[in-house]
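Data block below; observations after.
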Amino acid sequence: MPRLFGYLARRVLQAVPIVLGIAVFNFFLLHLAPGDAADVLAGEAGGASEEYLAQMKAKFGLDQPLYVQLGRYLANVASFDLGFSFRHNMAVTELIAGRLPATLLLMVMAVALAFVVGIVLGVTAARHVRKPIDSIVSIVALLAYATPIFWIGLMMILLFSVNLGWLPSGGMQTIGADLQGAAYVWDIAQHLVLPTLTLALFYLALYTRLMRASMLEVYGQDFVTTARAKGLDERRVAYRHVFRNAVLPMVTMLGLQVGSLLGGSVLVETVFGWPGLGRLAFEAVFQRDHNLLLGILLISSLLVVGVNVLVDLVYAKLDPRIELR
Amino acid sequence: MSVLRFVVSVSLLVFLGAPLSGAQEPVKGGTLTMVVQPEPPGLVSAFNSAGPIGVVSTKILEGLITYDYDMNPKPSLAETWKVSPDGKTITFNLRKGVKWHDGKDFTSADVQFSALKVWKELHPRGRSTFAKLTAVETPSPLIAIFKLSEPSPYMMSALSGYEGQILPKHLYDGTDIPQNPYNNKPVGTGPFVFKEWQKGNFILLERNPAYWDKAKPYLDKIVMRIIPDASARAAAFETGEVLLGGFSPVPLNDVKRLEATGKFDLETKGYEYLAPLFLLEFNLKNKYLQDKRVRQAIAHAVNKDLVVKTVWFGFGKPATGPVPSVLTQFYSAAVPQYPFDIKKADQLLDDAGFKRGTDGKRFKLVHDFLPYGSDYQRTAEYLKQALGKVGIDVEIRSQDTAAFLKRVYTDGEFDMTSNFFYALPDPTIGVQRIYWTKNIKKGVPFSNASGYSNPEMDKVIEAAQIEHDRKKRKELIGRLQSIAQEDLPVLDLFEVRFFTLANKKVQDHTNSAEGVYGSFSGVWLKK
């Protein structure tokens, strides 16, 4: 146990300069884009007077030299304050918190669905390699991976909402209906189906192909031959011996995807009008809402660092050969 | 006998006339779901004129007056008003018994505060619209007297719930107005009360039971949904999840298909207040474009009808000058015109001394277009083709909105843009900014970016600002249009026709020049 704490403490210490570096890098990267938040606001308003623009820039702190802006930003970050979004007239943390539930709901559902179904399909394909069922799974996975995600989304809307009328075409809930309890959950579930399926289809292709490849690789190893020589049946070989070893790369992939959870999926959120973080970040780019964008990027980078540590821990648990050092 | 016939015919008229005139009895109740795009940055228009804010804000907050299709003023928070003969004093008699949504009384102090502290200081156009406003006197809670240093005839067009919105003094006085928390949860006097805003998702408004116009509003709720994808918006209209949207809410190439279903009304009226214009700005510092003949040649080389018909699917009307034809009080057609004529264009360019080279090209221009969607990009592509035919090599450059604005209005590093302006109800408010020497201002979006400066034009512009006589003012603005068309520092291509798409269930959604910026108190849903 003390060894585990030592490990964690070291990883956290290592993370501090990484996150700081990311924050500084992001800051300069965003300031490379021409124009600022005040320009965008004035442009949207269809014009502004000189004095008003100057007032706005002064209030947003945009009239200060870049190093002063950076210093202020880092000072804020150091005190766990992500700053204020002048465009939204709200604190950045408040904005992010408002979008978090919708983002997590969609991403967790989609990734979980893709992970589970991906494993099932991948294992099935690997167990029937070079048979028709393998070809079918591979072709479907390839198609799902290659089709633009927004197009799938729009086609789903056309089929299930416009033509069949089974599911709502977008949004997250029936607005103004004041639903409670089970009715509320059912309402959100209905809105969740199409975006989850669309997004899962994309990840599903990844997981299926990875699982299949990984299974086939393990199948070729000596201990599998040994197991077969012992007289174990194919089923037992597949699940007891091959599967458990083949699942490790899947955990790596899952870790990567969980790390990008907060980024959401801009395309799916846009097509389905889902109020997630991906859209918030995407719009912030065009609105030059630097504080908001930096906030989202910073939290995302924290998550990536955190999940990496977690994946290492899970590795050690799954494969006793891996040691935490 | 004749009396009987009279009675019969009158009752027949009443019986038949009612449905024919379309004056059906409004039904109360129901929820109107509409789209607003893009998501507004706040919900108060009093100091931010962004379009999507106007769509939401005007249902909650109101102005002193409202307008009909021809921009004639109608009572709103002001019941009557009187302009003094010298045009320097306007007395507004306010409506009695109007309450803010939080229960406080609406008084002349709110008007005074909004005019002097909000519009005049913070509204992007207000600083010039209300430049001559020196004081607002409040002899009683129901009388507000506007005092002007010079007559400002255009001011009467800027008092709607969108352009001259009244804010509650008791919630805003002494605060940092643009950052007041009530900007995201406004308290108004309007027919609908703000209920909830889930960012990125929806805005919910509910009926104001204490609205001053007793029978109204008819709707129980208005839901404004934020649907960022245009095709998804079209789908939401088709499924009936969304009933109304303004500012051309679906892709132009989807309109025909939606119309064919027979489920929708397509309304292009209701944008007269904004009078949108699509135009090309020329940088007069460019060594080719500073020659008037080159600009006139470009005007001859562009087929405006074709742009409207093919690129914009007919949602426009070729422009004849800087004042759009919807501004009936000011529009003048008797100005120089440049009909589509490639030979004439070639001739003008030859005369200017820019002969074709061995490759058939005369010179090169870079074209920046306002990145507001695929229609804008296609227009740029058309321009490249059209100008290529007269030997002008056009390179299209794309960038996002912030970069475009900075390039054109701060850095001035452009040759030619395609852009989009609101002419607004009065040329002094909307049109003069493009041509006035005093409006060559670095860093100010939608100012005089071409760098055009003509003392004669300045004289006309400045005279029109303070001319109180309607007829003389119209003449001055006619002069403005002639000079602008002769000099062509910008080329007005066409008047953009926005459309409102509404499910046939929605009644009376467009009944004035304000369109979707109206209060919606009279909108109702057919059962």
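The values are calculated or read from the model by the stated rules, or taken from the named source; none is laboratory data. The shown structure was predicted, so the numbers you read here are calculated from the model rather than taken from an experiment. Note: ideal-geometry Cβ built from the backbone for every residue, glycine included; neighbour counts use all protein chains shown. Remember, those area values only see protein heavy atoms, side chains included, never the ligands or the DNA or RNA. Shrake-Rupley method; radii C 1.70, N 1.55, O 1.52, S 1.80 Å.
Quick notes on this one:
- The C-beta contact set for the stretch A:157-183 (first residue farther than 18 Å from residue B:201 by Cβ and facing chain B (nearest Cβ under 7 Å), second residue open to solvent by 30 Å² or more (accessible area, probe 1.4 Å) and part of a helix (DSSP H, G or I), distance under 6 angstrom, 6+ apart or interchain) comprises A:162/B:238; A:162/B:239.
- Evaluating residue B:102 against the criteria (1) more than 21 Å from the chain's Cα centre (by Cα); (2) more than 30 Å from residue B:467 (Cβ to Cβ); (3) not in a loop (DSSP other than H, G, I, E, B) leaves one unmet condition, (3).
- Within the stretch A:15-41, tally of residues that are buried (at least 17 other Cβ atoms within 10 Å of the Cβ) and either closer than 22 Å to residue A:86 by Cβ or within 14 Å of chain B (Cβ to nearest Cβ) (or both): 12
- Selection over the stretch A:259-275 of residues that are away from every other protein chain (no Cβ under 14 Å) and at pLDDT 80 or above gives a count of 0.
- Taking (1) within 23 Å of residue B:47 (Cβ to Cβ); (2) touching a strand residue (DSSP E or B) at 6+ places or on another chain (Cβ under 8 Å); (3) assigned to a loop (DSSP other than H, G, I, E, B) in turn, residue B:111 satisfies each apart from (3).
- Residue within the stretch A:127-135 that is over 14 Å from residue A:276 (Cα atoms), open to solvent by less than 70 Å² (accessible area, probe 1.4 Å), without any contact (Cβ under 8 Å) to a residue 12 or more places away in the chain and within 14 Å of another protein chain (Cβ to nearest Cβ) present: no
- Listed by position, the strands (runs of 3 or more DSSP E) contained in the stretch B:390-506 that have at least 1 residues being open to solvent by 30 Å² or more (accessible area, probe 1.4 Å) are B:392-397, B:416-422.
- Residues located in the stretch B:126-141, provided they are outside any helix (DSSP H, G or I) and open to solvent by 10 Å² or more (accessible area, probe 1.4 Å): B:131, B:132, B:134, B:135, B:137, B:138, B:139, B:140, B:141
- Restricting attention to the stretch A:102-114, the residues being touching a Leu at 6+ places or on another chain (Cβ under 6 Å) and either surrounded by fewer than 17 Cβ atoms within 10 Å (Cβ to Cβ) or over 30 Å from residue B:197 (Cα atoms) (or both) number 1.
- Per-region count, the stretch A:276-308, residues of a type in the set (A, V, I, L, M), open to solvent by 20 Å² or more (accessible area, probe 1.4 Å) and within 9 Å of chain B (Cβ to nearest Cβ): 1
- Enumerated strands (runs of 3 or more DSSP E) restricted to the stretch B:169-230, each holding at least 3 residues that are touching a helix residue (DSSP H, G or I) at 6+ places or on another chain (Cβ under 8 Å) and over 26 Å from residue B:119 (Cβ atoms): none
- Flag for residue A:194 being in a helix (DSSP H, G or I), more than 12 Å from chain B (Cβ to nearest Cβ), touching a Gly at 6+ places or on another chain (Cβ under 9 Å) and touching a residue at least 60 places away in the same chain (Cβ under 8 Å): no
- Filtered by the rule that a residue be within 13 Å of chain A (Cβ to nearest Cβ), buried (at least 18 other Cβ atoms within 10 Å of the Cβ) and touching a residue at least 60 places away in the same chain (Cβ under 8 Å), the stretch B:200-220 gives B:200, B:203, B:205, B:219.
- Selected residue [over 30 Å from residue B:41 (Cβ atoms), open to solvent by 30 Å² or more (accessible area, probe 1.4 Å) and either outside the structural domain of residue A:83 (by TED's automatic domain parsing) or in a helix (DSSP H, G or I) (or both)] from A:255, A:231: A:231
- Considered as a group, the residues in the stretch B:47-100 that are more than 30 Å from residue B:196 (Cα to Cα) and among the β-branched types (Val, Ile, Thr) include one that is farthest from the other protein chains (Cβ to nearest Cβ), and that residue is B:80.
- Residues in the stretch B:280-299 that are surrounded by fewer than 19 Cβ atoms within 10 Å (Cβ to Cβ) and either without any contact (Cβ under 8 Å) to a residue 24 or more places away in the chain or outside any loop (DSSP other than H, G, I, E, B) (or both): B:287, B:290, B:292, B:293.
- Within the stretch B:221-252, tally of residues that are more than 22 Å from residue A:166 (Cβ to Cβ) and within 14 Å of chain A (Cβ to nearest Cβ): 11
- Within the stretch B:402-428, residues that are more than 8 Å from chain A (Cβ to nearest Cβ) have Cβ atoms under 6 Å from residues that are among the hydroxyl-bearing types (Ser, Thr, Tyr) and outside any loop (DSSP other than H, G, I, E, B) in these pairs: B:408/B:417; B:418/B:379; B:425/B:157; B:426/B:154; B:426/B:157; B:428/B:154, counting only partners at least 6 apart in sequence or on another chain.
- Pair list, Cβ < 7 Å and 6+ apart or interchain, from the stretch B:47-60 residues that are free of Cβ contacts under 8 Å to residues at least 40 places away in the same chain to residues that are part of a helix (DSSP H, G or I): B:50/A:44
- Take the conditions (1) in contact (Cβ under 8 Å) with a residue 60 or more places away in the chain; (2) under 21 Å from residue B:374 (Cβ atoms); residue B:241 misses just one of them, which is (2).
- All positions within the stretch B:43-91 that are polar (S, T, N, Q) and more than 20 Å from residue B:272 (Cα to Cα): B:80, B:84, B:89, B:91
- The stretch B:178-199, residues that are within 11 Å of another protein chain (Cβ to nearest Cβ), open to solvent by 10 Å² or more (accessible area, probe 1.4 Å) and either in contact (Cβ under 8 Å) with a residue 12 or more places away in the chain or touching a strand residue (DSSP E or B) at 6+ places or on another chain (Cβ under 8 Å) (or both): B:178, B:182, B:184, B:185, B:195, B:196, B:197, B:199
- Given (1) open to solvent by 10 Å² or more (accessible area, probe 1.4 Å); (2) β-branched (Val, Ile, Thr); (3) in contact (Cβ under 8 Å) with a residue 24 or more places away in the chain, index of the condition residue B:261 fails: (3)
- Residues located in the stretch B:142-153, provided they are of a type in the set (A, V, I, L, M) and not in a loop (DSSP other than H, G, I, E, B): B:143, B:144, B:145, B:148
- The condition of being more than 7 Å from chain B (Cβ to nearest Cβ) and within 17 Å of residue B:183 (Cβ to Cβ) does not hold for residue A:80.
- Verdict on residue A:99 being away from every other protein chain (no Cβ under 14 Å) and either out of contact with any strand residue (DSSP E or B) (no Cβ under 7 Å at 6 or more places or on another chain) or open to solvent by 30 Å² or more (accessible area, probe 1.4 Å) (or both): no
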